[in-house]
1. Checking the conditions here, which among L42, L47, L92 is closer than 24 Å to Y168 by Cα and either over 17 Å from the mean Cα position of the chain (by Cα) or modelled with pLDDT under 95 (or both)?
2. Out of the helices (runs of 4 or more DSSP H) lying entirely within region 135-244, which hold 1 or more residues that are open to solvent by 70 Å² or more (accessible area, probe 1.4 Å), within 23 Å of F100 (Cβ to Cβ) and away from the ligand (no atom under 16 Å from the Cβ)?
3. Please note which strands (runs of 3 or more DSSP E) are completely contained in region 17-112 and include at least 2 residues that are more than 16 Å from the ligand (Cβ to nearest atom) and either open to solvent by less than 20 Å² (accessible area, probe 1.4 Å) or free of Cβ contacts under 8 Å to residues at least 60 places away in the same chain (or both).
4. Could you please find all residues in region 179-194 being more than 13 Å from the chain's Cα centre (by Cα) and among the basic types (K, R)?
5. List the number of the failed condition for S13; all other conditions in (1) within 16 Å of the ligand (Cβ to nearest atom); (2) part of a strand (DSSP E or B) hold.
6. The conditions are (1) in a strand (DSSP E or B); (2) out of contact with any helix residue (DSSP H, G or I) (no Cβ under 7 Å at 6 or more places or on another chain); (3) under 29 Å from K177 (Cα atoms), and R5 fails exactly one of them. Which is it?
Amino acid sequence: MIIKRFKNYQDLSDFAASDIANSIKNKPSLVLCMASGDTPKLTVDLLVKKLKEEKIDYSKITFIGLDEWVSLPPANTGSCHYFFQNKLIGPLELKPAQYFLFDALADDLQNECKKMDEFIDEKDGIDLMLVGIGMNGHIGFNEPGVSFNNLSHVIALDETTRSVGKKYFSEPVELTKGITIGFKHLLNAGKVFLMANGSKKAEVIKKAVEGPVTDNFPASVMQKHKNGFVLVDDEAASLLSKPH
Ligand code: PGA
């Protein structure tokens, strides 16, 4: 795992967007898995801009959405679906065969997990994953206590996730479960970027990077990845004790 530190959110996002764009240039059939949320917002916008302005051929990429709130309709502006559709799939006009997002309204959520795992297998795994970190150390909806061996799964949301998650919604919603890609996929991914910015993430970044590797703090899984990068701005890196 390598830690890369940037002056601010803009520089961090610029780096991630450029790296993803270059990865698509080098491998036009790149399989990209991304988180929604506040952290990757600017990266996604910059990536779409770069791909278009630099006329990079993205017609063969595959996109995978990391997670979704169970029971939320895709039209809800706080859903991950809405984020991906409006910021990436729509603007890039990806064809339905080119992406897979969890259907959080499916009657059979186990089958939805199976469909995701099969989709990833058919594509020969994820090449590049971009994730954030929650205030309880989760990645996607891999909540504290989750096994590092999980494939896609449905999980009860931790209290922190339920309360912090309210920030995405304009109306009150009941957040109880999540459906998410598991750490087996993350550990098998060719490259992983975990991004964090702002002082509110300083404590969780310190634990993820310098704390013990434990399922009680899921983001510590990054320490096990052979090609994992933790991208942080100065504020998020402010509590790290070792120089990075
Ligand atoms: P955020 O969410 O990017 O909105 O801070 C991070 C997460 O919960 O994974």
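The values are calculated or read from the model by the stated rules, or taken from the named source; none is laboratory data. This structure is a prediction, so every number in the text was calculated from the model and none was measured. Note that each Cβ is placed from the backbone with ideal geometry, even for glycine, and that neighbours are counted across all protein chains shown. For accessibility, only protein heavy atoms count, side chains too; no ligands or nucleic acids. Shrake-Rupley method; radii C 1.70, N 1.55, O 1.52, S 1.80 Å.
1. L92
2. 183-188
3. Strands (runs of 3 or more DSSP E) meeting the threshold: 31-34, 62-65.
4. Residue satisfying the conditions is K184 alone.
5. The one condition S13 does not meet is (2).
6. Condition not satisfied by R5: (3).
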